[in-house]
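This report refers to the structure that appears directly beneath it.
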Amino acid sequence: NPEGAHKQQMVQSLHHKIASYCGNLFIDGHYINASLTSFIIVKDRLREVSGFERANDAVGKGRLHFNGAPRKHVDEDFQRSAQFALTSIDFARNTLAHSNLTFPSDMPEEEKLNTTFSDLMLSSRGMWLLDGAVQKPVGM
């Protein structure tokens, strides 16, 4: 099945945990469940790493710091972009959880696939950020 092979290639580009838990849902066309599951995985990891449920609290109160800025002079921008990526997952998860778990009936199948894969990539980005995150000591 060419479509299934294409979806499998897409799944291979995801963070290993997102691929493991959401890959078959995505391949089998359970798009909403794949997206929602991926967001929950990131939220669980954020809570595990920081002790906080929301990205803004994890960064502010929890002093979460993300490794990976390409240069020291852009670290502040990198931190903000990481925080915004994780905050967007907070909001996307809430939106999806309250949408009756359906796409609009007139939404084309390709758009459903692309929307879901974008969600899975966003969740993968969140996981990669959290993989290298540390809590900064007070005073740093």
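Derivation of every value follows stated rules applied to the coordinates shown; laboratory data play no part. These numbers were taken from a predicted model, which means no experiment stands behind them. FYI the Cβ positions are ideal-geometry reconstructions off the backbone, even for glycines, and counts take in every protein chain you see.
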key: Cβ-defined net charge surrounding Leu130, 11 Å radius [Lys, Arg +1; Asp, Glu -1]   = +2
note = The answer for His65, listing residues at least 5 apart or on another chain whose modeled amide H is closer than 5 Å to its amide H, is Val134, Gln135, Lys136
key: Computed label-point distance, nm, for sites Asp77 and Met121 using a 7 Å Cα→Cβ extension   = 2.1 nm
ask   = Could you give the angle, 0 to 90 degrees to the nearest 10, between helix 16-27's Cα long axis and the longest principal axis of the Cα atoms of the chain?
value = 20 degrees
key: Relative contact order, percent, the chain [alpha-carbon distance under 8 Å, six or more residues apart]   = 36 percent
query = What does the charge dipole of the chain about its Cα centre add up to, to the nearest 20 debye, if the Cβ of each Lys and Arg holds +1 and the Cβ of each Asp and Glu holds -1?
reply = 680 debye
note = Helix-only [θ] at 222 nm, the chain, -39500 (n - 2.57) per DSSP H run of 4+, per residue, nearest 500, equals -22500 deg cm²/dmol
request  = Counting other Cβ atoms within 10 Å, keep those with at most 14, restrict to DSSP loop, and tell me which GluC sites (Glu not before Pro) in segment 28-77 are left.
outcome  = Glu53
request  = May I ask you to derive the FRET efficiency for Ala97 and Gln8 from their Cβ-Cβ distance with R0 = 22 Å, giving the value to the nearest 0.05?
outcome  = 0.20
inquiry  = Quick check: pseudo-label points 7 Å beyond the Cα along Cα→Cβ at Glu110 and Ser20, how many nm apart are they?
reply    = 3.4 nm
